[in-house]
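Accompanying notes for the structure given below.
The values are calculated or read from the model by the stated rules, or taken from the named source; none is laboratory data. What you see is a predicted model, and the numbers here were worked out from it, not measured in a lab. Here the Cβ positions follow ideal geometry from the backbone for every residue, glycine too, while neighbour counts run over all protein chains shown. Protein only, heavy atoms only, side chains kept; ligands, DNA and RNA dropped before computing areas. Shrake-Rupley method; radii C 1.70, N 1.55, O 1.52, S 1.80 Å.
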Amino acid sequence: MFSGCSSLVSIQLPDGMEELPEGMFSDCDSIKDLNFLTGIKTIGGSAFSDCDGLKSITIPSSVTSISKNAFGNCSNLESITIHENVTFIDREVFNNSDNVVIRGTVGSYAESYANGVGIPFNAPVVSFDDSCYDYRDWWDDSNKYAVVYINQYRTLGTTQKPIDLARDLAWSSSNPEVATVDQNGQVKGVSQGSAMITANTADGKGKAAQIKVVVPEPTSLWFDSWGDEVKDLEIVLRDTEEVYVNTEIPYEDETKVDMPLTLTSSDDSIVTAQLTEDNKVTLKAINLGKTIVTATTPDGGKASIEVEVIRPDAQSVKIDQSSPIKLYPGQKCALSSTITPAEAMPKLTWSSWDTGIATVNQKGLVTAVKPGDTRIYVETDNRRDAAIDIHVLIPPKKIALSKSEATLAVGDTLTLKKTLTPDDAETGFTWSSSRPSVATVSKKGKVTALKTGTTKITVVTDNGKKASCTITVKPAPTKVKLSKTKATLGVKEKLTLKATVSPSKAYTTLTWKSSKPAVAVVSSQGVVTPKKPGTAVITVRTKNGKTAKATVTVKAAPKKVTLNKSGTVELKKGKRLKLKATLPKNTASALTWTSSKPKVASVDQKGNVRALKKGTAVITVKTFNGKTAKVTVTVK
């Protein structure tokens, strides 16, 4: 049907087809396997004759009969595997296929057929891989064996030929007390000795293989440090130490086996043990104490080392307090120290460079003796040391403040200055206020008034000397007013301006200022002194910034003054006279009016004259610079 189809590789045969017709695939050179024959029971004559692509094939297990010349003239066919289900093979199935070898099981029809027609026959042969043999006597090949250590497992590798006939294997040991073997070929060493391990096909139709297994004595172990065996070891707390585990493994040179090690510590809280390459053991000291570190091998080898963790030496010592320490004579100070590492507990020795200035006992308690400088030392028993400077102060005998009392307005500040006796005394200061809600005080003596009231500010030296200042806090002014808002003055004529603050109980200091000091200057008391003609604004300012102003006009000083009356003026008793003084143009001055006989005729500061009783009086008007004018008043 498909004869001569040279490109045909494979075909799917119909389900239920049991017989392959004669010559069906003859001369189909591209067919290389017969997997598509599954289900076929009979292969017809010449079915695959002249198929040069066939080289190594397997007849499916469904086939029971192979007809004449089915594989004739297959020049490249080298092997054919025939299942034990085949019960008939024609004698001329392989005509002119001269290189073929039949493979099958022992006792099968295929074996009988091959023997009958003179075709080579191969059955499954079991053998152990060369890698299984740890020892081999090259002069006597029969003297070879595998090594399995006590309590270790080893899987022995096997090979079955031909490989496509490979079957499950059955395993057995000649001496299970020495070595056992499971059905996966895994051998376990039980005790020292030797045993024969046998492997054969489970159906018994293959050729069995045997191997000698030697189980040696347990591995010898010991701990080693710098080439010497050690059984006990001291390690400083927090340090690490390295030792090695030496092993003497039987057959090691032959087997090249490195026996695996297991490390344990009887108390991991004291020492931990870590195994690294080359059997190096790193021991880390965690806590003080003793522990046993044990190395074991799976075959029963064992070695132990006792490890004791001890305290380290002091690496450094440091005095905890800051340098220098300042003390007054008679004062004491307890010094403490920090040791590195903290686990070290050395003996400490304390000493003073100058015991006349300060002494120290062996608990680190310093006592100041007299003013001066010295140094306190602490030293460990392994000669680590530290030092701290001690300064013994000159104590103050007295302290005084720049004020014993002061008044401030709310919001004002005052810095109190302190004076020590003797002046070279040394001390720190502590400031306090008896009523902080009224006034506070800073570390530098700056007082800040907060609300009305009275408080006491106190400063205390380190040795207890005190000084105080009573602070009265009054309201801050809400307003300031001047006695004049305008004034005209002659050059060099003085005017005192009076400032009034509100409320009446307010407290403040006043600052005076002239807008033009070349025209008029003003003193800290409000006294205005004109300098030259012009206009200046005089301003008064409270401490909290409230202001009032007065405009001062300066003119030349008058050179004369005249009255509207002259000579003698007669008045009847009880009558009045209005006198008017006139100054030269562009001059100015305040005027002073006087009467030579006020009981006869009086005069006010506006020039109003009043006749009081009979007699004569002289009325005089006078300028600030002494210029005068007079009139005589006769009262009748």
With R₀ set to 22 angstrom, the calculated FRET efficiency between the beta-carbons of Thr262 and Glu306, to the nearest 0.05, is 0.75
log₁₀ I(q)/I(0) of segment 519-568 at q = 0.14, 0.24, 0.25 Å⁻¹, via Debye over equal Cα point scatterers, no solvent, to two decimals? -0.52, -0.92, -0.96
Return one whole number: the accessible area per residue of segment 15-87 in Å², for a 1.4 Å probe. 41 Å²
Just to be sure I understand the model, the point goes 7 Å from the Cα along the line to the Cβ. What's the resulting Ser322 to Asp423 distance in nm? 3.0 nm
Here segment 62-71 yields Karplus 3J(HN,Hα) values (6.51, -1.76, 1.60; θ = phi - 60°; whole Hz; Gly and Pro given as x) of 6, 6, 10, 9, 10, 8, 4, 6, 4, 10
Which of Lys484/Lys505; Lys565/Lys627; Lys332/Lys418 have a Cα-Cα distance over 24 Å? Lys332/Lys418
Of the peptides 131-141, 67-77, how do they stack up when ordered by the mean number of other Cβ atoms within 10 Å, highest first? 67-77, 131-141
Options Val609, Ile319, Gly356, ranked by Cα towards positive dipole end of the chain, top entry (Cβ charges): Val609
Using only DSSP helix segments of four residues or longer, with each worth -39500 (n - 2.57), what per-residue ellipticity at 222 nm results for the chain after dividing by its residue count and rounding to 500? -500 deg cm²/dmol
Of Val600, Thr547, Thr587, whose Cα points farthest to the positive end of the dipole of segment 489-636 (charges on the beta-carbon: +1 Lys, Arg; -1 Asp, Glu; origin at the Cα centre)? Val600
Any aspartates and glutamates whose Cα falls less than 12 Å from that of Lys578, other than same-chain ones fewer than 8 residues away, would be Asp604
Taking 0.36 nm per intervening residue step and subtracting the Cα-Cα distance, what contour gain separates Thr64 from Glu92 on full extension? 8.4 nm
Charge sum, other residues only, whose C-beta stays under 10 Å from Ala146's C-beta, Lys/Arg counted +1 and Asp/Glu -1: +2
10 Å beta-carbon shell around Gln192, net charge (K/R +1, D/E -1): -2
Note to self: Kirkwood Rh of segment 1-63, Cα pairs, one decimal, Å, is 11.6 Å
Across Lys465/Lys543; Lys543/Lys606; Lys397/Lys444; Lys188/Lys284, pairs whose alpha-carbon gap is larger than 31 Å: Lys465/Lys543; Lys543/Lys606; Lys188/Lys284
Read phi for every residue in segment 443-455 and hand back ³J(HN,Hα) as whole Hz from Karplus 6.51 cos²θ - 1.76 cosθ + 1.60, θ = phi - 60°, with x for Gly and Pro. 5, 9, x, 8, 8, 10, 7, 10, 8, 5, x, 10, 9
For the chain the mean separation of alpha carbon contacts under 8 Å (6+ apart) over residue count, i.e. relative contact order in percent, is 5 percent
For Asp313, the net charge from surrounding residues (Cβ-Cβ under 15 Å; K, R +1; D, E -1) works out to -1
Using a 1.4 angstrom probe on heavy atoms only, work out the carbon and sulfur share of the accessible area of segment 334-424 in %. 50 percent
Expressed in whole Å with the largest first, what are the equivalent ellipsoid semi-axes of segment 326-446 derived from the C-alpha gyration tensor as the square root of 5 times each eigenvalue? 43, 18, 9
R0 = 35 Å: FRET efficiency of Glu84 with Glu177, Cβ-based, nearest 0.05? 0.35
Per residue of segment 357-372, in order, report the coupling 6.51 cos²θ - 1.76 cosθ + 1.60 (Karplus, θ = phi - 60°) as ³J(HN,Hα) in whole Hz, putting x for Gly and Pro. 9, 7, 10, 9, 8, 7, 9, x, 8, 9, 10, 6, 9, 8, x, x
